[in-house]
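Some notes on the structure that comes next.
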């Protein structure tokens with residue numbers, strides 16, 4: 001038995017009006033296949049280009065090791081120059097990923113290679129973020145701290161993506177006081193005997209290829225696995241739903257500070273308690 005996932009709808013291109021009507025207002029995901037072919041980045045951006053332009057920049061790296069009480073919120077697992085990281089990606093499989101690399105802050109000239117999408121949402125123009133990963137590396141299932149509307153633009157390689165909306169929280173083994181599910185769930189091939197509540201979750205799936213854009217509505221859970229070495233860029237707009245905006249404010253100013261404080265006070269016991277609670281709180285929603 002597999003997860004209950006439907007294919008994310010695809011369009012070759014789309015007007016602002018149709019995007020707002022059919023996807024933003026009903027908060028449904030969509031893949032737009034051929035919307036950025038006129039961007040210089042569409043043809044220019046590859047690993048060698050980034051190494052040449054920003055190879056000396058230090059980057060923070062993350063892998064799939066379990067969360068530790070010794071780690072701060074989004075604390076990196078390693079650092080190296082972008083040039084060294086590109087060489088690593090080319091030479092051998094690696095679990096290391098670049099996560100939330102602000103290209104305008106680090107390499108301002110890259111803003112000449114892309115445009116801000118005109119699809120009816122006011123994008124945060126100072127926060128275009130890049131993500132890199134080696135073959136078979138993946139993120140944990142999570143949602144973003146700001147519950148933003150996200151346009152995830154893939155530039156290189158192939159990426160598998162699974163999404164769930166916030167209505168599925170009770171089935172996903174969500175870890176309390178966090179933005180992730182249990183880290184030991186392999187969402188690309190989950191053990192539904194071990195994690196039976198997942199049988200009730202209804203989600204979406206797709207594979208992104210070069211130049212394709214995935215729109216992820218506010219607060220959508222997302223799991224991303226690099227089928228090949230690749231990289232993507234995300235553009236975001238603040239949530240319009242007042243409840244989601246309130247959740248984002250809570251996450252920024254209360255949740256993350258509370259969680260870090262509890263890690264300092266209780267150490268690994270806090271992490272273990274949260275993981276246990278993820279199972280206990282999910283199990284009451286049915287396992288058959």
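Quick note: the coordinates plus some simple rules give every number you see, no bench work behind them. Keep in mind it's a predicted model, so treat the numbers as computed, not measured. No Cβ is skipped: glycine too gets one built from the backbone with ideal geometry, and neighbour counts run over all protein chains shown.
Quick look at the numbers
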| item | result |
| --- | --- |
| Structure-based [θ]222 nm, the chain - -39500 (n - 2.57) summed over DSSP H runs of at least 4, per residue, nearest 500 | -6500 deg cm²/dmol |
| Distance from region 126-203 to region 1-70 (C-alpha centre basis), Å | 14 |
| C-alpha center-to-center spacing [region 219-288, region 92-113] in angstrom | 23 |
| Over region 109-197, equivalent-ellipsoid semi-axes from the Cα gyration tensor in Å | 30, 17, 11 |
| Convex hull (Cα only) mean projected area of region 1-107, reported in nm² to one decimal | 11.0 |
| Region 145-288 pair-distance distribution - Cα-Cα, 5 Å bins, rounded % | 2, 9, 16, 18, 19, 17, 14, 5, 1, 0 |
| The chain: Cα Rg divided by the 2.2 N^0.38 Å rule of thumb | 0.99 |
| Mean Cβ neighbour count within 10 Å, used as a protection proxy, ranking 78-89, 241-252 highest first | 78-89, 241-252 |
